[in-house]
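The values are calculated or read from the model by the stated rules, or taken from the named source; none is laboratory data. Not measured: the values here are computed from a predicted model. With ideal geometry, Cβ positions are generated from the backbone for all residues, glycine too; neighbour counts draw on all protein chains shown.
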Amino acid sequence: MIFRRPGSVTERLTRSLLVGLTVLWLTGVLGSGFVLKHLIDEKSDDELQESGMILMTLVRHIDDPLVTAALLGETTTSPHATPPHERMVYQIRDRSGQMLLRSSNAPPELLGAALEPGFVDVGAWRVLTLEDREHGHVLQLADPLTERRDALVKSLVWLTVPLAALLAFAVFIVFRASYSLVQQVRRTANAVSRQDPQALGLLPLDGVVTEMRPAVEATNQLLARLAAALEAERSFTYNSAHELRTPIAAALAQAQLLAAQAEETALQEPAAALVAALSRLSRLAERLLALARADGAQALADQWVDLSQVIRLTVDEFSQNAQLRGRSIVAQTAPVRVRGDLDAIGLALRNLVENALVHGAGGSFIRVTCAESRKGVSLAVVDDGPGVAPTELPSLTKRFARGSGAAQSGAGLGLSIVDTLARRMGAKLVLVSPLDGRRNGFEARLVWQTSSR
């Protein structure tokens, strides 16, 4: 099966019209050439016949010395006569074909045409044969065919040059018109590309050409349906998680009370398992709420955010977290600012730290840093936990995806939430594992390119 490279609309339209106009142009030139050749031949033949009739009046009296002198010019001893026209030649012969008289520019040999009255093409000549039956003389008057071809070529040149210029101008106009249409398509495509996937809006119809308006209106209808479907999904997720928080919290409190009362009894282990399960369910509900906020239809703020301040507040919040279990959480900050949404950056950082707490168990530290370089600004969370295999990194940003060595208490939503927020803020989530020069460790880094700041 042969796959053809899709060409652009401008190329296809210009090429199609160029081929069509060129075919029409060549057809017109060839038709005009045929007509011109017929007219030139007809005019030249008329001129040749008129000159022949004039000469025939003299040929009838060729035996008269005065006529011979007129044909020969001023001398009767010259075997050549003056031609009636600069480009024409003639030969006067008797019925046997013997040369009696010829013009000065005529070839010494016979023209080669038969002694039959009428027109005939012989070699490079157009020959007219006239016969004086009364006196037995034959006049052959010839016109060079090159003269006719030259006249035809000059006429065609003067005809084709203006048409070629008109064809080039038509191609330019077509190209400009198609380019304008393609620019309209590109502007519409750019408007679509700038749409926030989480907050779909309608495309503007101002300035849209009539031919493009149905496509844009159909796109707006599709975007409206998609926005309604996304909003329904977000609302369901958010409302479900929000409604579950209260009963889960109540059940968790009852389970903790039961676990406290079941200490040093046979129910201690089942009660602890129940508390762990409800704690995990509570974290899942919190993650679903965070995911709904990340997927929210509301636009994110675009303001200057001090990353060092966000890091210090987040690290202080997690410093007393029971999940640290002897690990240290440190902040290495610098006065770095970035354009973004303060709440979204804070939510993303919290999820990265919680991911390090849950899946970095067994390590000794969690380090939160921010830095600025010529390439952009980065916000990173690094831990020295077991890490994951490099082949698993691309799948970790999918919802409910976890690495093969991930903790069972994780919901598999943290990195998906961060990736969603990063894309909405114009940043990029970069995952690295293991750390450089080590066999373990995990780094999650948010990167804002310089052009996005």
In region 104-128, what residues are farther than 22 Å from D41 by Cβ and at pLDDT 70 or above?
P107, E109, L115
From V430, V447, residue being modelled with pLDDT of 90 or more, surrounded by fewer than 16 Cβ atoms within 10 Å (Cβ to Cβ) and β-branched (V, I, T)
V430
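Take the residues in region 118-159 that are among the basic types (K, R) and free of Cβ contacts under 8 Å to residues at least 24 places away in the same chain, then tell me which one is farthest from M53 (Cα to Cα).
Checked region 118-159; the qualifying residue farthest from M53 (Cα to Cα) is K154.
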Out of the residues in region 380-413 that are at pLDDT 75 or above and either in contact with a Lys or Arg (Cβ under 7 Å, 6 or more places away or on another chain) or assigned by TED's automatic domain parsing to the domain that holds A276 (or both), state the one that is nearest to I311 (Cα to Cα).
A380
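The rows are residues; the columns are (1) modelled with pLDDT of 75 or more; (2) outside any helix (DSSP H, G or I); (3) assigned by TED's automatic domain parsing to the domain that holds G414.
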site: R234; (1), (2), (3): no, no, no
site: Y238; (1), (2), (3): no, no, no
site: R245; (1), (2), (3): no, no, no
site: Q254; (1), (2), (3): yes, no, no
site: A260; (1), (2), (3): yes, no, no
site: A266; (1), (2), (3): yes, yes, no
site: L281; (1), (2), (3): no, no, no
site: A285; (1), (2), (3): no, no, no
site: A290; (1), (2), (3): no, no, no
